[in-house]
Amino acid sequence: MPTYDAIIIGGGHNGLVTACYLAKAGWKVLVLERRYLVGGACVTEENTFPGYKVSTCAYVNSLFSPQIIKDLRMHEYGFELVERNPSSFTPFLDGRHLFMGPDSKMNLKQIAKFSTKDAENYPKYEQMLERVASVIEPTLSITPPDVLNPGIGGAWTLFSLGNSMRGLGTNLSEAMEVLTGSARTILDRWFESEEFKATLATDAIIGAFASPSMPGTAYVLFHHVMGETNGKKGVWAYVRGGMGGISNALAKAAKDMGVDIRCNAEVAKIVVRDGYAVGVVLASGEEFEGTKIASGVDPHWTFEKFLDPKDLPPDFLAAIKRIGYESASLKINLALSAPPNFTALPSNGVGPQHHGTMHFCPDQDFIERGYDDAKYGIPSRDPIVEMTMPSALDNTVAPEGKHLASMFVQYAPYKLKEGTWDEERKNKFADRCFDIVEQYAPGFKASVIDRQIVSPVDLEKTFGLTGGNIFQGAMHLHQLFLMRPVVGYANYRTPIRNLFLCGSAAHPGGGVMGIAGYNAAREMQKWW
Ligand SMILES: Cc1cc2nc3c(=O)[nH]c(=O)nc-3n(C[C@H](O)[C@H](O)[C@H](O)COP(=O)(O)OP(=O)(O)OC[C@H]3O[C@@H](n4cnc5c(N)ncnc54)[C@H](O)[C@@H]3O)c2cc1C
């Protein structure tokens, strides 16, 4: 039977990062991926529409760790970021529009079109978010301590964290509000223009089954000042050739370091002997032995499917079963014959309005109403659509003269009150999304050559994302940091010796960051 120092279950970008760092340390590593290609939710697929490179799931990057890019020399393996400036465009039906982006002078001018008071407040608001980010960002790459048994190292980490919180001084309560409160409360306090707030609020609900008035949504607001592109803080980018540019560069680096990558290799079982993970069995029956095993697949699959419940402590299993995977995100990928031509800013071809994320949301109440439908299990009658068109800045993703776009849409609840996410329902929902864009850009519908609708159920079936949750588990405060995936096991370890978690189910959670994989590789190399 083939034997490895480490077996990685799932070739998502995090699993690949783990594989690379272990191989760099001289380990013999095997990656087993269920699909025909590696990357998980961070992929480019070329068989969706002929001639197009489709980022089926994730579509923009800012969070991927610069340290990993450097350590693994990813630029030498074809990885390249394409900066988006402006980063967002919001057209309104009254003919006005709002651009936002990395240019702070432009931002102020743009906001002032809606409210001079908001333009004055915006730099102070950003500083407030940056203060919170300065405490949170350093925690991403640390191993959260086991609060139940912190030991000296864990106690020191907790003390240091408390100390940096203390450093916020009188801003501490504001920081706590960002971490636990509702986006709407904060936005309503800082700003008066509904148009401006709507653009900020749509970012706060990405991937969450929550409306901006619900506690926990403010947390996402500071993602806007987190991360970087080519050293520029808070700038989001496309990856040249699609998001698979990240995973493919990682896979090439891994192969160069001797990692064996097997696609079409679905893991069915983790073999446990005397409390130790010792190998895996594929659905095909093929077996592999490994000294250490890391799963980049979510906890539902890892603990409830790959393992025998009798190998796990009942309280741990109960905590795993309590993890929330609620979700209402749907993605539509589009082949277009022409860029959308907005009434609020007409163009002849590509303009700055197509560079970033195009928002179609007049005010925060629009989002609230969309959520109201979904909370009763009804797909939003007026969905919240965020559209991107990477071909505006990257001519490698669509045939000449054509365009590639995508819509990230909420709310499309995984659990429907009636019926299923069958083709008819998917098409009806997509048609409604198209109607919304058509209101702002007449002729848009006629420009659609082809479309792929990825429902929450498709996310589960194709990508193994339980409940269609795009983050391998909802990013609620009680499912973050010390509590991700569950209390007592945030240090990438599990109750089974030599079995680790290395995907976004572990700290710091979802998003294309690579940090869960990086942290897991560090922990796997420790002797305890
Ligand atoms: C629609 C959508 C849009 C998103 N947009 C963005 C975005 O724009 N920017 C951003 O930063 N993040 C975005 N995200 C989130 C981000 O893509 C994910 O958090 C991230 O890619 C997760 O990476 P991972 O490696 O942890 O896990 P995954 O990508 O989930 O990888 C897990 C891997 O395990 C494999 N697998 C599952 N079961 C088995 C099995 N039995 N045997 C072997 N292999 C198995 C899967 O096929 C997959 O390759 C989005 C996610 C989705 C779904």
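Pairing residues of the stretch 157-180 that are basic (K, R) with residues that are in a helix (DSSP H, G or I), at Cβ distances under 8 Å and at least 6 apart in sequence or on separate chains, gives R166/L172. Summed over the stretch 455-475, the residues that are touching a Ser or Thr at 6+ places or on another chain (Cβ under 8 Å), more than 8 Å from the ligand (Cβ to nearest atom) and of a type in the set (A, V, I, L, M, F, W, C) give a count of 2.
Regarding the stretch 115-130, can at least one residue be identified that is loosely packed, with under 15 Cβ neighbours inside 10 Å, outside the structural domain of G509 (by TED's automatic domain parsing) and polar (S, T, N, Q)?
Scanning the stretch 115-130, I find at least one residue that is loosely packed, with under 15 Cβ neighbours inside 10 Å, outside the structural domain of G509 (by TED's automatic domain parsing) and polar (S, T, N, Q), so the answer is yes.
Of all residues in the stretch 287-313 being assigned to a strand (DSSP E or B) and surrounded by 17 or more Cβ atoms within 10 Å (Cβ to Cβ), which is farthest from the ligand (Cβ to nearest atom)? Spell out how you get there, then give the answer.
Step one: of the stretch 287-313, the residues assigned to a strand (DSSP E or B) are 287-295.
From the residues that got through so far, the ones that are surrounded by 17 or more Cβ atoms within 10 Å (Cβ to Cβ) too are 288, 290-295.
On the way: F288: 12, G290: 14, T291: 19, K292: 17, I293: 12, A294: 11, S295: 8 Å.
Among them, the one singled out is T291.
Are any residues in the stretch 251-269 more than 10 Å from the ligand (Cβ to nearest atom) and either within 20 Å of the chain's Cα centre (by Cα) or surrounded by 14 or more Cβ atoms within 10 Å (Cβ to Cβ) (or both), and if so, which ones?
If the condition is that a residue be more than 10 Å from the ligand (Cβ to nearest atom) and either within 20 Å of the chain's Cα centre (by Cα) or surrounded by 14 or more Cβ atoms within 10 Å (Cβ to Cβ) (or both), then A251, K252, A253, A254, K255, D256, M257, V259, D260, I261 are the ones that fit.
Of all residues in the stretch 459-475, those satisfying the criterion of being over 21 Å from S182 (Cα atoms) and in a loop (DSSP other than H, G, I, E, B) are G464, L465, Q472. With respect to the conditions (1) buried (at least 16 other Cβ atoms within 10 Å of the Cβ); (2) acidic (D, E); (3) under 21 Å from E45 (Cβ atoms), D382 falls short on a single one, namely (3). Quick check on my filter: what residues within the stretch 354-382 are in a helix (DSSP H, G or I) and among the charged types (D, E, K, R)? Within the stretch 354-382, D365, E368, R369, D372, D373, K375 meet the criteria. Using the structure shown, decide if K331 is in a loop (DSSP other than H, G, I, E, B) and touching a Phe, Trp or Tyr at 6+ places or on another chain (Cβ under 9 Å). So K331 does not fit the description; no. In the stretch 13-25, the count of residues that are assigned to a loop (DSSP other than H, G, I, E, B), more than 9 Å from the ligand (Cβ to nearest atom) and under 20 Å from the mean Cα position of the chain (by Cα) is zero. A319 fulfils the conditions (1) more than 16 Å from the ligand (Cβ to nearest atom); (2) touching an Asp or Glu at 6+ places or on another chain (Cβ under 9 Å) except for a single criterion, (2). Pairs meeting the criteria (first residue in the stretch 375-398 and on the phi > 0 side of the Ramachandran plot, second residue among the basic types (K, R), beta carbons under 8 Å, at least 6 apart or on different chains) are G377/K415; G377/K417.
Taken together, the residues in the stretch 31-46 that are assigned to a loop (DSSP other than H, G, I, E, B), more than 23 Å from V60 (Cβ to Cβ) and near the ligand (Cβ under 6 Å from one of its atoms) amount to 2.
Looking at P66, is it over 26 Å from V454 (Cα atoms) and within 16 Å of the ligand (Cβ to nearest atom)?
yes
Answer yes or no: is there a residue in the stretch 476-489 that is within 8 Å of the ligand (Cβ to nearest atom), assigned to a loop (DSSP other than H, G, I, E, B) and not hydroxyl-bearing (S, T, Y). No: zero hits. Those strands (runs of 3 or more DSSP E) of the stretch 174-277 in which at least 2 residues are farther than 24 Å from F89 by Cα, considering only elements entirely within it, cover 260-262, 267-273.
The values are calculated or read from the model by the stated rules, or taken from the named source; none is laboratory data. For clarity, every value in this text was computed on a predicted model and none was experimentally measured. Heads up, the Cβs are rebuilt from the backbone with ideal geometry, glycines too, and the neighbour counts pull from every protein chain shown.
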